[in-house]
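Report on one structure; see the data block that follows.
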Amino acid sequence: MVRRFTVETVCFEILLASVFAGFSVWIWGMLRKSFGAIPAALWIVLTCISLACAAIIGVIEFIR
């Protein structure tokens, strides 16, 4: 029996969502007159989330 939702699948979905959200926050910040602290903080948080998910996926793949 194959499990539909594994840790790797969930991390990959979170990774994709955070990358696209980070890209849209970056665009939003660039369209404003000044980049500002809120878009910068959101971009940093979303980038850290995507890096953490990529690390989790990499560790899972390396252990297998």
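The values are calculated or read from the model by the stated rules, or taken from the named source; none is laboratory data. A quick note: this is a predicted structure, and the numbers were derived from the prediction, not measured. So basically every Cβ, Gly included, is an ideal-geometry build from the backbone, and we count neighbours across all protein chains shown. Protein only, heavy atoms only, side chains kept; ligands, DNA and RNA dropped before computing areas. Shrake-Rupley method; radii C 1.70, N 1.55, O 1.52, S 1.80 Å.
For region 17-37, which positions are assigned to a helix (DSSP H, G or I) and in contact with a helix residue (DSSP H, G or I) (Cβ under 8 Å, 6 or more places away or on another chain)?
18, 19, 21, 22, 25, 26, 28, 29
Return the total of residues in region 1-51 being open to solvent by 100 Å² or more (accessible area, probe 1.4 Å), under 20 Å from residue 63 (Cβ atoms) and charged (D, E, K, R).
Qualifying residue count, region 1-51: 1.
Looking only at residues in region 27-48 that are within 13 Å of the chain's Cα centre (by Cα) and not aliphatic (A, V, I, L, M), which one is nearest to residue 16 (Cα to Cα)?
Top of the filtered list is 47.
If residue 27 meets every condition in (1) more than 14 Å from residue 8 (Cα to Cα); (2) in contact (Cβ under 8 Å) with a residue 40 or more places away in the chain; (3) of a type outside the set (Asp, Glu) apart from one, which number is that one?
Evaluating residue 27 over (1) more than 14 Å from residue 8 (Cα to Cα); (2) in contact (Cβ under 8 Å) with a residue 40 or more places away in the chain; (3) of a type outside the set (Asp, Glu) leaves (2) as the failure.
In this structure, is residue 55 open to solvent by 50 Å² or more (accessible area, probe 1.4 Å), among the small types (Gly, Ala, Ser) and either assigned to a helix (DSSP H, G or I) or modelled with pLDDT of 90 or more (or both)?
yes
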